[in-house]
Each structure stands twice: as structure tokens, then as C-alpha cells.
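Please read the structure below before turning to the comments.
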Amino acid sequence: GRVPPGAHVHYAGDGVILPGLIDCHVHLAGIHEPTEPSMMLSMLRASPELFTMWAARDARVTLEAGFTTVRECGARP
């Protein structure tokens, strides 16, 4: 197709340029400790500091997967 006048063209070689992805339903810090029998128990027993570290870890993994916008749907207060 024709490129409109004044448009910015970015060449990626053999790669693909993709805008940031959006996930409208995530639960950050959803991975439980292996010593706990369930995810819910581990989330309830975890300190706020530990829970925050889990959420930060999951946010990084999500960002590295290409998601730039997420909506958290049910985290611990």
C-alpha cells in the first residue's frame, strides 16, 4: 500500500513491530508458595511485603511478555 505523506516508517527487518498488548483480566501475585496446599491459603498467609514482591514479579513477567496495560481483577487489599 501507499504510505501517506508525512508518515513515520519504521523498518524492523525480519521482525514485527507490535503495539503494546492489553490484558483486561489479570490476578497479579497469583502464584502460591509450593509449601502451601492452595493458592488462596498462601495469599492469605503471606505478609503484605511478600505479596507485593509476588505482584512485582508477575508484573515484570507480564511486561516482558509484551503487555503494557493490565487491569487487576481482585487482589488483596
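The values are calculated or read from the model by the stated rules, or taken from the named source; none is laboratory data. Predicted model only: the values in this text are computed from it and were never measured. Positions of Cβ are generated from backbone atoms using ideal geometry, with glycine treated the same way; all protein chains shown enter the neighbour counts. The protein model used for the area step is the full one, side chains on, heavy atoms only, and it has no ligands, DNA or RNA in it. Shrake-Rupley method; radii C 1.70, N 1.55, O 1.52, S 1.80 Å.
Here's the picture: a label point sits 7 Å out from the Cα of C24 along the beta-carbon direction, and within the range 46-77 the residues with their amide nitrogen under 18 Å of it are 67-74. Placing R0 at 25 angstrom, the Cβ-Cβ distance between E64 and H8 gives a FRET efficiency of 0.45 after rounding to 0.05. Computed on protein heavy atoms with a 1.4 Å probe, the accessible areas place H25, H8 in the order H8, H25, largest first.
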